[in-house]
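Data block below; observations after.
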Amino acid sequence: MTPTESSALLSEPSEPTAAEQRESSIREHETRNLWTLAVHYVVLRTSWIFKTESVIMPAFVDAIAGAGWIRGCLPVLNRFGQSIPPLLFSDSLRNAPQKKRALMVTSLLMALPFLTLSAIWFVTNDKRQVWLPPVFLLLYALFFSSTGLNQLSFGTLQGKLIRAERRGRLLGLSGIVGSIFAVTCGWFILRAWLGLPDGGFGYIFAFTGTGFVIAGLTAIAICEPADEAHAPRKSGKHQFAEAWNVFRRDCRFRRAAVVAMLFITIQFLFPHFQALGREGLTQQQQAFHLMVWVVAQNAAVGFSSFWSGYIADRCGNRLAVRLQVFATALTPLLAIALAGRTFGGHNYFWIAFCLLGFTPVTMKTLVNYTLELADPVDHPRYVSTMSLCLAIPCLLSPLVGGLVDLLGFRPVFVFISLCIALGGLLTFRMAEPRHSRPDFDD
């Protein structure tokens, strides 16, 4: 072989590896996938407004039972479903060739409990049946187990298909458009249904379930290259051990998890905001105010999604989390003030629900922050571990509900506000993943 031939061979480009081909495919379809995931979230948000955790679901519990401790069970089932099932499923999702299938199936599973509740409400004349509260709580637990798996699938798929610098755009785009659709449906449809003699819950839950079905079907349009299996499936005990290992060894994750656990105490109060605001209102006034509160909260989700995504893409998720947590800390105090007569009473109580709109956005920002702490292969484990950390404080939620019955709203709301404010102060100890290296304990 002559030197010329040898040089020509050396200059020939090598065939791209499987990993390079996969990365090229992801980049090629990134914009399409961003829009598809945005559409999925918009449909999901529009459906979710008809089962808002701070308004509709507690009102439904009051319609079938009414006890504060039962309302206090809702956050426990909420966070349990969004933590334990995702943790146990994280390895299976990591080894799944395509994550979009999990997104589609879990969205369909989210629809099942609400379609069932809708059917029960239509065929049951006496709404205070003794069996209805336990059946509702069971379906509620099944729904949030499916929701936890859905959020894990969405977060993992987002981490795989969308670059960190564009995830804020996805959050902002889906949040603002989703809020426009959700608020429009809430204003023109939800108000009429809430005014029905039975509260309209049959129609409300049928709308919610149908929307989740449509959201699941949008996942078909996602263009996702297949992944290779990374490791054999591990036992549940090993999954908990790995979650503890993430918390123990990764200082950056641990600091964020502590902030998240203090922030999530706002969910203790979710079932009680509407109970506080409805004091002294007639049934017709309650229907109107419930609709206004739902609209206000979901409009705020769109606004906070937009500016949070903008800040996250340009300054990092840490700053976005800090601002969101401090805003959330003001919410219980504002609710107490507006529930009185100082600022005009119930006519302005919707402002408190505007600040409550930061809660789901903050949780998504925490997921985006968590994604930046780990390599893509570890995204399911890190996201599921963060979900578990968010669930631990919510075990105290029934106790908080009992304290509301015993002590009243004011002392409980003030204490929760102080806890969240402490979380805001601790954000100053969080690392900025885009400007720092991994920090592990020995």
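The values are calculated or read from the model by the stated rules, or taken from the named source; none is laboratory data. Nothing here was measured: the structure is a model prediction, and the numbers come from that model. Backbone-built Cβ (ideal geometry, glycine too); neighbour counts: all protein chains shown.
Which residues, counting only those in the stretch 416-434, are of a type in the set (A, V, I, L, M, F, W, C) and part of a helix (DSSP H, G or I)?
Passing the criteria: ILE416, LEU418, CYS419, ILE420, ALA421, LEU422, LEU425, LEU426, PHE428.
Specify the residue that is farthest from PHE358 (Cα to Cα); the eligible residues are those in the stretch 331-345 that are crowded, with 20+ Cβ neighbours inside 10 Å and at pLDDT below 85.
Ranking the candidates gives ALA339 first.
How do the pairs read when you match residues in the stretch 376-388 that are free of Cβ contacts under 8 Å to residues at least 40 places away in the same chain with residues anywhere that are among the small types (Gly, Ala, Ser) and crowded, with 24+ Cβ neighbours inside 10 Å, using Cβ under 8 Å and keeping only pairs 6 or more apart or on different chains?
none
Mind checking which residues of the stretch 1-44 are of a type in the set (Gly, Ala, Ser) and at pLDDT 75 or above?
Once the filter is applied, which keeps residues that are of a type in the set (Gly, Ala, Ser) and at pLDDT 75 or above, the stretch 1-44 yields SER24, SER25, ALA38.
With within 16 Å of the chain's Cα centre (by Cα) and buried (at least 24 other Cβ atoms within 10 Å of the Cβ) as the only criterion, which of SER153, SER146 stands out?
Exactly one residue qualifies, and that residue is SER153.
Identify the residue in the stretch 278-296 that is surrounded by fewer than 14 Cβ atoms within 10 Å (Cβ to Cβ) and under 18 Å from VAL61 (Cβ atoms) and, among all such residues, is modelled with the lowest pLDDT.
Checking each candidate, the answer is GLN283.
State the number of residues belonging to the stretch 103-134 that are over 19 Å from THR46 (Cβ atoms) and modelled with pLDDT of 90 or more.
6
Output the qualifying pairs, or none if there are none: Cβ atoms under 9 angstrom, residues six or more apart or on different chains, first residue in the stretch 392-415 and closer than 30 Å to ARG254 by Cβ, second residue among the hydroxyl-bearing types (Ser, Thr, Tyr) and outside any helix (DSSP H, G or I).
That search, which allows pairs on different chains as well, returns ILE392/SER83; CYS394/SER83.
Going by what's in this entry, would GLU165 be described as acidic (Asp, Glu) and farther than 30 Å from ARG27 by Cα?
Against the criterion (acidic (Asp, Glu) and farther than 30 Å from ARG27 by Cα), GLU165 does not qualify.
What number of residues within the stretch 196-214 satisfy the criterion of being crowded, with 16+ Cβ neighbours inside 10 Å and touching a Phe, Trp or Tyr at 6+ places or on another chain (Cβ under 8 Å)?
Qualifying residue count, the stretch 196-214: 13.
Mind listing whichever residues of the stretch 369-399 are β-branched (Val, Ile, Thr) and at pLDDT below 80?
VAL377
Identify, from the list TRP131, TRP187, the residue that is surrounded by fewer than 17 Cβ atoms within 10 Å (Cβ to Cβ), in contact (Cβ under 8 Å) with a residue 40 or more places away in the chain and over 17 Å from the mean Cα position of the chain (by Cα).
TRP187
Evaluate the stretch 92-114: report whether one residue or more is part of a helix (DSSP H, G or I), buried (at least 18 other Cβ atoms within 10 Å of the Cβ) and touching a Pro at 6+ places or on another chain (Cβ under 8 Å).
Yes, there is a match, as at least one residue in the stretch 92-114 is part of a helix (DSSP H, G or I), buried (at least 18 other Cβ atoms within 10 Å of the Cβ) and touching a Pro at 6+ places or on another chain (Cβ under 8 Å).
Between THR124, THR106, THR116, which is of a type in the set (S, T, N, Q) and within 24 Å of GLU242 (Cβ to Cβ)?
Answer to the check: THR106.
Condition first: at pLDDT 80 or above and out of contact with any helix residue (DSSP H, G or I) (no Cβ under 8 Å at 6 or more places or on another chain). Can you find one or more residues in the stretch 137-156 that meet it?
Scanning the stretch 137-156 turns up at least one residue that is at pLDDT 80 or above and out of contact with any helix residue (DSSP H, G or I) (no Cβ under 8 Å at 6 or more places or on another chain).
When you go through ALA257, ALA275 one by one, which is the residue that is part of a helix (DSSP H, G or I) and either at positive phi or modelled with pLDDT of 80 or more (or both)?
ALA257
The rows are residues; the columns are (1) over 22 Å from the mean Cα position of the chain (by Cα); (2) assigned to a helix (DSSP H, G or I); (3) surrounded by 22 or more Cβ atoms within 10 Å (Cβ to Cβ).
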residue: GLY309; (1), (2), (3): no, yes, yes
residue: LEU323; (1), (2), (3): no, yes, no
residue: ALA329; (1), (2), (3): no, yes, yes
residue: MET363; (1), (2), (3): no, yes, no
residue: ALA391; (1), (2), (3): no, yes, yes
residue: LEU395; (1), (2), (3): no, yes, no
residue: VAL414; (1), (2), (3): yes, yes, no
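Check whether at least one residue in the stretch 168-189 is among the hydroxyl-bearing types (Ser, Thr, Tyr), closer than 25 Å to SER153 by Cβ and modelled with pLDDT of 90 or more, and report yes or no.
Within the stretch 168-189, none of the residues are among the hydroxyl-bearing types (Ser, Thr, Tyr), closer than 25 Å to SER153 by Cβ and modelled with pLDDT of 90 or more.
Considering (1) buried (at least 23 other Cβ atoms within 10 Å of the Cβ); (2) closer than 18 Å to GLY211 by Cα; (3) at pLDDT 80 or above, say which one ILE56 fails and leave the rest.
Status for ILE56: all satisfied but (3).
What are the pairs with Cβ atoms under 6 angstrom where one residue, in the stretch 238-254, is surrounded by 14 or more Cβ atoms within 10 Å (Cβ to Cβ) and the other, located anywhere, is of a type in the set (Ser, Thr, Tyr)? Sequence gap at least six, or different chains.
Here the result reads ALA243/THR385; VAL246/THR385, each pair linking the stretch 238-254 to a residue that is of a type in the set (Ser, Thr, Tyr).
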